[in-house]
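Single-structure report; data block below.
Where a number appears in this text, it was derived from the coordinates with a stated rule and is not lab data. Just so we're clear, the structure is a prediction, and the values are computed from it rather than from any experiment. All Cβ positions, glycine included, derive from the backbone under ideal geometry; neighbour counts span all protein chains shown.
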Amino acid sequence: MTTSVDLETHYTSRHDEGSRLSSTLKGQLELARVRDLLERYLPEPPAVVGDIGGGPGVHASWLQKRGYDVELLDPVQRHVDQAVAAGIDAVQGDARRLPWENEYFDAVLLAGPMYHLPEAADRRLALREAVRVIRPGGFIAVIAINRAANLIGATLANKLQQREKIVREILETGFSPDNERMAETTYHTVTQLRTELTNAGLRAVTVHGLTGPGGWLTVAIDAHFMDQPLPASLSDPDPLQTALACTRMADQYPELIASSSLLFAVGQRA
Ligand SMILES: C[S@@+](CC[C@H](N)C(=O)[O-])C[C@H]1O[C@@H](n2cnc3c(N)ncnc32)[C@H](O)[C@@H]1O
């Protein structure tokens, strides 16, 4: 079995992060929900936002258009080049050693490092750094991947038997060395994510289902109709709107957080 590849190889030659949030229904739902939740927690512009693990800068570009000053950091050179080409102030670097001074940002987005750092000690360092560079009272928003996502995704694709060992390892430990689809990826439970943020000293920690149960509609449609027109029975009403309505409704019920493949956690620096 192929084992997981390193970050640089994955994002440079196997995966186009620049189109991930627009080319599939699943990506479009994630994008809409990130905007939903950022609008809820970010202070009004002008404010300085750090996008740590910001990739090619899709969120940073949107924030910049809304009047925020954004600075992005990412370890993958291709992403930094794409972000700079999009007009974003971007540097190559690592979430565990940030180049900014203490209390530099009004808000920080950490959408990547927490699921690409399999060692708990590395995630602690990344959170400690994020806390260091944010001003007291500022919000840190973190995206993580739910441990249940592989089980539900493999089942929806009817591939549970082929992927059973990987799915079990991820359910039990949050990591599988044979998880060949992703680069160095680790998965959280809802409780674990909440605890990691709380242990970093953040207060008022809240975890949301980012893609929610509606995300599974987008996964099913992407899997069966990628690049093909949807049959009328599935295109009206617009399935993206259905998925969004479902996920926004589920967001009001904390018991439903665990049905989401992606988790969005926020906490405030004391
Ligand atoms: C799936 S992309 C997400 C990009 C963007 N934040 C978004 O949410 O659309 C994950 C990103 O995390 C970055 N990343 C992984 N490990 C990191 C680390 N240790 N420090 C900073 N960024 C990291 C990757 O290079 C990649 O750009």
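Here are some notes:
- Counting Lys and Arg as +1 and Asp and Glu as -1 over every other residue whose Cβ lies under 15 Å from the Cβ of Ile88, the net charge comes to -4.
- In percent, rounded to a whole number, the relative contact order of the stretch 1-152 is 20, using alpha-carbon pairs under 8 Å and six or more apart.
- Net charge dipole, the chain: roughly 560 debye, given to the nearest 20, about the Cα centre with Cβ charges of +1 for Lys and Arg and -1 for Asp and Glu.
- Net charge over other residues, Cβ less than 15 angstrom from the Cβ of Asp36 (K, R count +1; D, E count -1): +2
- Divided by 2.2 N^0.38 Å, where N counts the residues, the Cα radius of gyration of the chain comes to 0.97.
- Helix-derived mean residue ellipticity, 222 nm - over the chain, DSSP H n ≥ 4, -39500 (n - 2.57), to 500: -12000 deg cm²/dmol
- On a per residue basis, the convex hull of the C-alpha atoms belonging to the stretch 143-228 measures out at 115 Å³.
- Shown for Thr189, Thr211: other C-beta atoms within 10 Å of each C-beta, ranked fewest to most, produce the order Thr189, Thr211.
- Virtual spin-label span in nm between Lys159 and Thr191, 7 Å along Cα→Cβ: 3.0 nm
- Full extension of the chain segment joining Arg248 with Asp36 gains 75.4 nm, where the gain is 0.36 nm per residue of separation less the Cα-Cα distance.
- Cα-based convex hull, the stretch 1-146, per residue volume (Å³, whole number): 121 Å³
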